[in-house]
Structure formats: structure tokens, C-alpha cells
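The structure appears right after this line, and notes come after that.
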Number of protein chains: 2
Amino acid sequence: METWDAIRARRNVRSYTPEPVPDADLTRIAEAGWRAPSAGNRQHWDFIIVTDRDQLAGLSTVWRGAGHIAGAAAAFAVVVPQYDDDRARLIGYYDLGQATYAIMVAAADLGVGTGHSSVGDQEKAREILGVPADHDVAFLIGLGYPADRPLRPQVKPNRRPFDEVVRRGHW
Amino acid sequence: METWDAIRARRNVRSYTPEPVPDADLTRIAEAGWRAPSAGNRQHWDFIIVTDRDQLAGLSTVWRGAGHIAGAAAAFAVVVPQYDDDRARLIGYYDLGQATYAIMVAAADLGVGTGHSSVGDQEKAREILGVPADHDVAFLIGLGYPADRPLRPQVKPNRRPFDEVVRRGHW
């Protein structure tokens, strides 16, 4: 798909068909995250690709906004080291955001919908995934083919007015 | 450009030709940021497109890593509200990361290179851009055509080994 089409077609998808996403596609989507930029190229991230139904069901309970993970074809767990320093944590999360969008636009390019979730119950998420205690499962990303309608460029996304968000030269 | 090519072609570019980026292209690149997802669709961001040479020269002094802004065809200032709450700030920066990558991949699609900078001197950045005191200029993104070589898909980006970053099912 053309880049501009993928950017406009990406939308949050939280209801998926049962069709699995081919492993080669999951690998490519993960590669987009792996290629994302980070401050000082630190790459303070690890991505765990989850397709096991029991794990997905377990992960769907780690946050009130994670229910869609139970019905996803796959999920990516985005893992981050714990930081002592507030500024480093802030930059770390900014970088996770960069990797997340890379994953999402690469998925959209393949017709795969994505939907975020935070993680509330760290202990349970770590246990399901075998993540060490000095790391957090910062976010989950559900992936799958949209149950409602295929991804197509959206003409009017639900956003603040463009001219209010994008300014020229000055606030 | 195909999405997968743009994802692989995006790289940090901090040295630019003097050629201006057409205004329609800057608008499209900004639209990619405007379309980015955010927690609860909060869109806690404003983007200021800067092409004035005096402003770019001024902005290049607000952080030791901002020197490339002086020679950029344009810069985007990514502005964020100040937060009282640590968790809200963390999510806000995660969302800024999502918007930043959207901007960067949309730029790469048009052959435009991008390079981040943090902002140290908030007072000066706010003054140059007329940003109110209850907002921060979180990041600058320099934009322009690469001085060294055009953007092409990179075969071996400088990253941690793929199999170390991307795991299957378990840590």
C-alpha cells in the first residue's frame, strides 16, 4: 500500500475476525518497531509476539481496557526497563510511542488492524510472558483483521480541527 | 512510495540541502501527526511549522543537540501541555512519540529527511514561537532534503540484534 494510504487507513481496531495473521507478516510488523528511532539509539524496548490463545486470554485481564486482546489474532507486548530517573522514563515512553506507531502503520499496510491497551496488573502480565521483575510490560497492542470493515483511508478522522492543531510560525 | 519502503528509508537526517520543502508537503507531513492515535483520543499536542530562517537559527540554540535546526528547510515544534500528574505526563509523551513517528514516516515518503532534538531552554523556545507559559516545547523535528544521499531503504540499520529484541510467546 502507498504510505499515505496506510497512514490514513490506520485506525484503532478492537474487534477482529478469527483469521490468523501470517507469521511472516507478524515478523515484518515487528521489524518496523525494531527499526524505529530512539534517543541516542538506545532502543530501550523488547517486543514479545503472542499468538497462544491462553496467553491472549490471560493478557486480556491485566487492564480494564485490554478486553480486545482475548479476541485478537495476536498481541505484541511492549516491554521497557524500569527507570530510576524521571526524565529518562519520559524519553523512554516517547520512544515506545515511536515504535508503537511504526508497528501500527506497518500493520495497516498489510490490512491488519491494531488497538492499544495499557497494563495495570504488572505482576500478572510479567508472569504470563516470563518478563523479569526489573522490566515493565508498558503496553499491549492487539492485532488482527477488522471484524467490521477493511482498513481504508479515512476522510474525516475524529480529531481536533486541523487549523487549531497545526500552526504556522507562531502559536 | 510503498509503506514498507518508507519505513525502511526513514533515518535520522541532520544535514540538509538548501532546497525548501513545498508547503503542500509540509502540510501533508503535519496531517500525519494530526491523524496519529492518542490515549482516549486526547490529542495533547500542537505542531508549529517553522520555515523562517531567523526563527530556525534561534531554535538551533535551545539545546546542545539542536544545531541541525539552523540548516533545516523547516522545523516542526511539538508542543505539549504541562501536566500535574506523572502518569498523565508519561502517557502524553508516549503519544507525542506516536505523532513524531507519523510525521517522520510521512516525510520519508516524500523524500524528506527528519532529525529530532530535545529542548533545554524552554523560556527561549516559548519566546521564539509565542508558546504560552503553561505549555512546553517538548521536541523539535528538523526537516529537509538530505545533504549526503537520498532516502533509500536501509538493509542493515544500526540496531540491537533482531532476535534479541523480538521474542516469541515468552521473554
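Just one of B:L151, B:L140 is assigned to a loop (DSSP other than H, G, I, E, B), surrounded by 14 or more Cβ atoms within 10 Å (Cβ to Cβ) and either more than 8 Å from chain A (Cβ to nearest Cβ) or not charged (D, E, K, R) (or both); which is it?
Criteria check complete, one pass: B:L151.
Could you grab me the full set of residues in segment B:78-107 that are farther than 13 Å from A:Q98 by Cβ, facing chain A (nearest Cβ under 9 Å) and touching a helix residue (DSSP H, G or I) at 6+ places or on another chain (Cβ under 6 Å)?
B:L90, B:I91, B:A106, listed by residue number.
So which residues in segment A:66-110 are over 29 Å from B:A9 (Cα atoms) and among the β-branched types (V, I, T), if there are any at all?
A:I69
State whether one or more residues within segment A:11-23 are acidic (D, E) and either surrounded by fewer than 24 Cβ atoms within 10 Å (Cβ to Cβ) or out of contact with any Lys or Arg (no Cβ under 9 Å at 6 or more places or on another chain) (or both).
yes
Given (1) touching a helix residue (DSSP H, G or I) at 6+ places or on another chain (Cβ under 8 Å); (2) touching a residue at least 40 places away in the same chain (Cβ under 8 Å); (3) at the interface with another protein chain (Cβ under 9 Å from one of its Cβ atoms); (4) closer than 29 Å to B:D109 by Cα, where does A:R8 come up short, assuming only one miss?
For A:R8, the exception is condition (1).
Any idea which residue in segment A:116-130 is surrounded by the most Cβ atoms within 10 Å (Cβ to Cβ), counting only those that are outside any helix (DSSP H, G or I) and facing chain B (nearest Cβ under 9 Å)?
Top of the filtered list is A:H116.
Taken together, the values in this text are just the output of simple stated rules run on the coordinates, not laboratory data. What you are looking at is a predicted structure, and each value in this text was computed from that prediction instead of being measured. Here the Cβ is made from the backbone with ideal geometry for all residues, glycine too, and neighbour counts use every protein chain on show.
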